[in-house]
Amino acid sequence: MAPQVRMVDGRLVIDDSSLSVSEPTQGRADMSEVVLEQTGCGSNVYSKKHKRCQRWSPEETLRFYEGVKKFGTDFQLIALWMGDRRNDRRHIRNKFKKEEKRFPIRVAEALSRRLPIESEDWDTIHGTLGQLSAPPPAADPDGA
């Protein structure tokens, strides 16, 4: 609700009746008896549940830096190359962010001193992709 303006003799004048607000008393009594029920269905219900990852071992951290040297910031390739429990791009990205904050010089060196990608690296990635996209094993027809 804002003050209303009107034209009087070619001039803009604020309408005095628009400066005060009157509350309707009729519907007010009904609103005081309304009770809103809490359903427990907040926005957190719809958020994606992330699994908590174990701490990175020193060996895994060294392998992570080797992956950064080979693949740069392609976190999906690093995740596939690392395999095991680290085959999630999100884990690799979070590790990169954490290392970048704690050890920016080490991360910058890893990105600037790139290593060549060997054929074994591609075999590892393709093997991981094969495991991820392989159909589940068929059920035993004997029921055993």
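Please treat every number below as a calculation from the coordinates, not as lab data. These numbers were taken from a predicted model, which means no experiment stands behind them. Cβ coordinates were reconstructed from backbone atoms using ideal geometry, including for glycine residues, and neighbour counts include every protein chain displayed.
Between Arg114 and Ser57, what length in nm is gained on full extension when 0.36 nm per residue of separation is reduced by their alpha carbon distance?
Working: separation 57, 0.36 × 57 = 20.52 nm, distance 2.28 nm.
Additional length available on full extension: 18.2 nm.
Please turn the phi angles of region 11-16 into ³J(HN,Hα) values with the Karplus equation 6.51 cos²θ - 1.76 cosθ + 1.60 (θ = phi - 60°), one per residue in order, whole Hz, x for glycine and proline.
Once θ is set to phi - 60°, the couplings for region 11-16 become 10, 7, 10, 6, 6, 4 Hz.
Peptides 88-100, 4-16: what's the order by average Cβ count within 10 Å, highest mean first? Don't jump to the answer; show the numbers that get you there.
Numbers: 88-100: 16.3, 4-16: 8.8.
Put in order of decreasing packing, that is 88-100, 4-16.
Report ³J(HN,Hα) in whole Hz for each residue of region 102-119, in order, from the Karplus equation J = 6.51 cos²θ - 1.76 cosθ + 1.60 where θ = phi - 60°; Gly and Pro get x.
Karplus values, whole Hz, x for Gly and Pro: 7, 9, x, 5, 5, 5, 4, 5, 4, 6, 8, 9, 6, 9, x, 8, 7, 5.
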